[in-house]
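Here's the structure we're looking at; comments come further down.
The values are calculated or read from the model by the stated rules, or taken from the named source; none is laboratory data. Source: prediction; values computed, not measured. Methodologically, a virtual Cβ is constructed for each residue, glycine included, from the backbone with ideal geometry; neighbour enumeration extends over all protein chains shown.
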Amino acid sequence: MPASLRRACYGCISAKRRCDPQLPKCPRCLKNGLVCTYDNQPLSHVQPPADDEEIEPPPDVPAQPTFLVFSDIVSAERVARKFFDMQSVDPHLSIPELRVVPDPGIVYAAISQIANIPKAIAQGQTSPLVHSQLHHRRPEDSIRLEHVLLLQKSFLGNPPSEIKSPSRNTHLQRLMKTSVLDLPLVDILIRVHELVLYIIVYSCNSFPSPYMSEIRPCLDILLRWIEYLWTVTQQPPTNSDGLWQNWVVAESTRRSIIACAIVRGAVAVASCGYCAYQPFLEALPFDNRNGLWEAMTEDAWTAAVAKHGGEPEVLVSFHEFIQGYEDISGIMHEGLFQRLLLIMYHGSEALDALGSS
């Protein structure tokens, strides 16, 4: 975790003036046109020094930091909002990278939830990324997942030295060479899911994972696929498979984009202790109505839709879901996807609720 840092900018410290920390500049430096720098201290953690507090000025003023460090996503989000408000006023404002260094307990709890995804798939359940109905359309799609699930089983009974590494895994290497640009949306989703499962298996079964250097190319490819998937989502499905199947495909796409960002962040924290804050994440939408994602038949889905007023699709943003979730004690009644989101934002409170359920 980052050490406790200064609570005033260097300009105010040098002048021995009270500082009201703001980003990108405190009011005094902004008024006087001065350079305003901090020791990477996030705004949400900063308190101005007391009037009688004596602070020794530093011998040298360092260059403006290129990143800010936070202990949780909520703090990073607050500062990001301030930056984007300022950016709308000053288009030349440089926004530093925001990094999140979460509590290790929260990291391992989130990763343990992610590690359950291959097990859920092996049991025929719907994962946070892709609905199980998509894997039963063709036999070859189920066979593709079997290779990943067999790899997961081998981790349970063998030391890492006897596990086939990513670079020697022919199925994974073949998958990484796939061009998804000309594939139908469902085929893209299945391959995204397959790649994410490989990343989870190689990253979440041992700490530190000995495969991190070989997994990074997989993460780069996953990011490119997700960026392409996002462009595809701008046009809703127009096939004749019916309301349920169209909803399953659309919702799988939305959840894949969010879940893949979470998995990439979890792997980054596990490998280097922090992850970059992704400001686009909170704006991503999904359908949060209970019972729809868990429905395994069209009749069950139709009944769930009827319980929620009859609209086939009702979307909320990631941010709206988090802000609207008042009673954290109900976390165990949520699906794995929602639990991941709540653990990320509510931290120890969510873990306590999970433990007491």
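What the table shows:
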| item | result |
| --- | --- |
| Residue check for GLY324: of a type outside the set (A, V, I, L, M, F, W, C) and in contact with a Phe, Trp or Tyr (Cβ under 9 Å, 6 or more places away or on another chain) | no |
| Those residues of region 175-187 which are at pLDDT 90 or above and either crowded, with 20+ Cβ neighbours inside 10 Å or in a helix (DSSP H, G or I) (or both), in sequence order | LEU175, MET176 |
| Residue under evaluation LEU243, criteria (1) under 25 Å from ARG339 (Cβ atoms); (2) among the aliphatic types (A, V, I, L, M); (3) loosely packed, with under 14 Cβ neighbours inside 10 Å, criterion not met | (1) |
| Test result for GLU251, part of a helix (DSSP H, G or I), touching an Asp or Glu at 6+ places or on another chain (Cβ under 7 Å) and under 14 Å from PRO128 (Cβ atoms) | yes |
| Yes/no for SER213 being of a type in the set (Gly, Ala, Ser), surrounded by fewer than 16 Cβ atoms within 10 Å (Cβ to Cβ) and assigned by TED's automatic domain parsing to the domain that holds ALA250 | yes |
| One residue from ILE258, ILE262 being of a type in the set (Val, Ile, Thr) and in contact with a strand residue (DSSP E or B) (Cβ under 8 Å, 6 or more places away or on another chain) | ILE258 |
| Restricting region 195-210 to residues that are over 15 Å from the mean Cα position of the chain (by Cα), farther than 11 Å from LEU172 by Cα and in contact (Cβ under 8 Å) with a residue 60 or more places away in the chain, the residue that is surrounded by the most Cβ atoms within 10 Å (Cβ to Cβ) | VAL201 |
| Residues that are surrounded by fewer than 15 Cβ atoms within 10 Å (Cβ to Cβ), among the β-branched types (Val, Ile, Thr) and either assigned by TED's automatic domain parsing to the domain that holds ALA80 or more than 22 Å from ASN246 (Cβ to Cβ) (or both), drawn from region 272-327 | none |
| Residue within region 214-229 that is more than 24 Å from GLN338 (Cα to Cα) and more than 20 Å from the chain's Cα centre (by Cα) present | yes |
| Close pairs (9 angstrom Cβ cut-off, 6 or more residues apart or separate chains): without any contact (Cβ under 8 Å) to a residue 60 or more places away in the chain in region 111-124, among the small types (Gly, Ala, Ser) and in a helix (DSSP H, G or I) anywhere | GLY124/SER132 |
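One line per residue, one yes/no per condition, for (1) more than 28 Å from ILE331 (Cβ to Cβ); (2) at pLDDT below 75; (3) of a type in the set (Val, Ile, Thr); (4) surrounded by fewer than 17 Cβ atoms within 10 Å (Cβ to Cβ):
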position: PHE67; (1), (2), (3), (4): yes, yes, no, yes
position: VAL79; (1), (2), (3), (4): no, yes, yes, no
position: PRO91; (1), (2), (3), (4): yes, yes, no, yes
position: GLY124; (1), (2), (3), (4): no, yes, no, yes
position: VAL130; (1), (2), (3), (4): no, no, yes, no
